[in-house]
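S.K.: My questions all concern the structure below.
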Amino acid sequence: MDRMLLVLKRSAAQETALQKLLEDQQNKSSPNYHHWLTPDEFGAQFGPAPQDIQTIQSWLQAHGFQIVNISRGHTTIEFSGTAAQVQDAFHTAIHQFVVNGENHWANASDPQIPTALSPVVGGVATLHNFISKPQVAIAAARIPAQYVPGSARPQVTFGSNSYGLGPADYAVIYNINPLYQSGINGSGVTIAVVGRTDINLQDVASFRSVFNLPSNQPQIVVNGTDPGDLGGGEEYEAVLDTEWSGATAPNATIKLVVSASTNSTDGVTLSEEYIIDNNLANVMTESFGDCEANYSQADADEISSLAEQAAAEGITYLVSAGDAGSAGCDNFDTESSATGPLSVNILASTPYTIAVGGTQFNENGNNSAYWSSSNGTGYVSALSYIPEDVWNQNCSGSTCNSGTILAGGGGVSTMFAKPSWQVGVPGIPQDGARDVPDVALSAAGHDPYLVCIDSSCTPNSHGSFSFAGVYGTSAAAPSFAGIIALVNQQTGSRQGQANSVLYGLASMESLSQCNASNTSGLPASTCIFNDVTVGTNAVPGEANYNTSSETYLAGVGYDLASGLGSLNVTNLVNEWNQGVSTSPVAATMATPAQGSTLVSQPTFTWNAATPSSDLSGYALWVGSTPVGNDIFIDHVPSTQTSDAVP
């Protein structure tokens, strides 16, 4: 069993200090503002002591394991060995299982850690080869194109009322062109793509050539054994992520990190760990996923711990929210009706990642208002921003049918508490939980993203070639990675967990002027977010599907179907620093009496103009008489009031 990962654990004091650092890194009034750590600094401050690591290493070697690597951030120890050694050390047998016709290896019970090591060892990341799935959805038919003698551009043939997204269309719809014209194009910024398959780099070169992008070849970084080109959905995912992260940031350096999966560890996990522990990039994008319901809280903590290191290093970590709507455990490739529980993508729901959801354009039958009948340079045919609803392949506007579970992921985490930055915007549920997605971009099969793959863009002897059409939040996430790269270039700095800025900016929006779903008028030119107010990511098979009480409906402000909405990118980049905190914003209410239940609580709203946190509303407990209300600002007691209940 190769490349197993033993997850190391921080002490309670270290975790508290790390949380404080992460808040300070996003607070402009702190001396630690944007003071990003190197992996070695992170390990020295927040990892186990060197003598503890030596003790763990000796224990592994005593059981016959080979130590492959001790991470610089002191978050993992990579080791290899046999199934017999695993059973001897961790007291769990490795068995073969057949699930849905596929053979898998997995541990029969939870691994056990010696009591003496438990203060510094969290567990083994995985001991199985049930791996996360690519989120990409692939259009059924290729889109033909033809080089015509005497024409400066190839001609592309779409079906009736069909459109495809090229980089130039994206730049029009989401207003990126003013940035490109001012030289903001991703220069000097590196984006790392999480992958587990090789790709043909000539496909990327063809994509950039056809769409008139500068020649800027990505790099493939192979971490360990080269898996080769796995083809199928794996290749589509890697090609999509590589081509489109560079489509929105054409001058950024793109590094596709490829790690082969083993019988014990997902290649995606190994690629994540490599990127973060080598501080490889300013931004990283990932379009794989699995639902929280398939994981334990210990698993969730391990996933979150690595993302936490990324945030401390200043890496902005973007993850697709998923493509099965709010039924994240179901498989959109094989199911047309959900059978699993409501659940979100565990890779997207940590407090240290930005979850990217999906929208779909709604021309409302007025296609000519938004699309030209001919293409310009770079195949541009989009004329302006296009109204957007929640992406749901069953729905047109608020009218939904059945037939597929393809929809943008979103919902309420059962693993992670609500982060301090997820406040200040109308619509954010008062649920105490991490809610996803955070933002959303085009993801519908209605207007697929165009990619070059399997030499499809290499013309034959007759000048014919084709594009593949792909869609889903898998396309939205790398596109947003490129947008964050533009922010990095404009500000001259990494941004780390940038949700604190995104929610800060959203709290200042005049939402009545920013309705993305209004087909009779576009959002105001001053809007940063296009607020999606129509649609749902509920899918067939869920309780109350296609009723007024289904989950989850879009609404004004934040919602669990589209997050904060999509973006006017130029406004986002130019106004970025307006969303940066200059004062503590994390405010919580503590339950004052044991046995009581908080059923209503005040709202804490960050007012960037003041700047201050505004408290409004009331706290109501049931089950016992309250004896006091404790208000905490950034985890520090602020004031106390006592109220009697008649």
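S.K.: Considering only the stretch 239-248, I want to know if a residue exists there that is crowded, with 18+ Cβ neighbours inside 10 Å and in a loop (DSSP other than H, G, I, E, B).
M.R.: No, that holds for no residue.
S.K.: Asp454: among the acidic types (Asp, Glu), touching a helix residue (DSSP H, G or I) at 6+ places or on another chain (Cβ under 8 Å), open to solvent by 40 Å² or more (accessible area, probe 1.4 Å) and at pLDDT 95 or above, yes or no?
M.R.: The answer is yes for Asp454.
S.K.: Considering only residues that are of a type outside the set (S, T, N, Q), under 18 Å from Ser264 (Cβ atoms) and out of contact with any Gly (no Cβ under 8 Å at 6 or more places or on another chain), which ones fall in the stretch 61-87?
M.R.: Of everything in the stretch 61-87, those that are of a type outside the set (S, T, N, Q), under 18 Å from Ser264 (Cβ atoms) and out of contact with any Gly (no Cβ under 8 Å at 6 or more places or on another chain) turn out to be Ile67, Val68, Ile70, Ile77, Glu78, Phe79, Ala83, Ala84, Val86.
S.K.: Residues in the stretch 73-94 that are open to solvent by less than 20 Å² (accessible area, probe 1.4 Å) and not in a strand (DSSP E or B): how many?
M.R.: Of the residues in that region, 7 qualify.
S.K.: What's the total number of residues in the stretch 539-578 that are modelled with pLDDT of 95 or more, of a type in the set (Ser, Thr, Tyr) and part of a loop (DSSP other than H, G, I, E, B)?
M.R.: Qualifying residue count for the region: 2.
S.K.: Looking at the stretch 426-437, which of its residues are touching a Gly at 6+ places or on another chain (Cβ under 8 Å), part of a loop (DSSP other than H, G, I, E, B) and either on the phi > 0 side of the Ramachandran plot or open to solvent by less than 50 Å² (accessible area, probe 1.4 Å) (or both)?
M.R.: Gly427, Ile428, Pro437
S.K.: Now for a separate question. Pairs only if they're at least six apart or on different chains, beta carbon under 6 angstrom, first in the stretch 410-422 and closer than 24 Å to Pro341 by Cα and at pLDDT below 95, second of a type outside the set (Lys, Arg) and assigned to a loop (DSSP other than H, G, I, E, B); list them, first residue then second.
M.R.: Between residues of the stretch 410-422 that are closer than 24 Å to Pro341 by Cα and at pLDDT below 95 and residues that are of a type outside the set (Lys, Arg) and assigned to a loop (DSSP other than H, G, I, E, B), there is no close pair.
S.K.: If you check Glu292 against the conditions, is it open to solvent by less than 10 Å² (accessible area, probe 1.4 Å), acidic (Asp, Glu) and in contact with a Gly (Cβ under 9 Å, 6 or more places away or on another chain)?
M.R.: Spelling it out, Glu292 is indeed open to solvent by less than 10 Å² (accessible area, probe 1.4 Å), acidic (Asp, Glu) and in contact with a Gly (Cβ under 9 Å, 6 or more places away or on another chain).
S.K.: Quick one: in the stretch 122-140, of everything that is open to solvent by 50 Å² or more (accessible area, probe 1.4 Å) and under 13 Å from Tyr471 (Cα atoms), which residue is farthest from the chain's Cα centre (by Cα)?
M.R.: Among residues in the stretch 122-140 that are open to solvent by 50 Å² or more (accessible area, probe 1.4 Å) and under 13 Å from Tyr471 (Cα atoms), the one farthest from the chain's Cα centre (by Cα) is Ala140.
The values are calculated or read from the model by the stated rules, or taken from the named source; none is laboratory data. On a predicted model such as this, the values are computed, not experimentally measured, just so you know. Because the Cβ atoms are built from the backbone with ideal geometry, glycine has one as well, and the counts that use them run over all protein chains shown. Remember, those area values only see protein heavy atoms, side chains included, never the ligands or the DNA or RNA. Shrake-Rupley method; radii C 1.70, N 1.55, O 1.52, S 1.80 Å.
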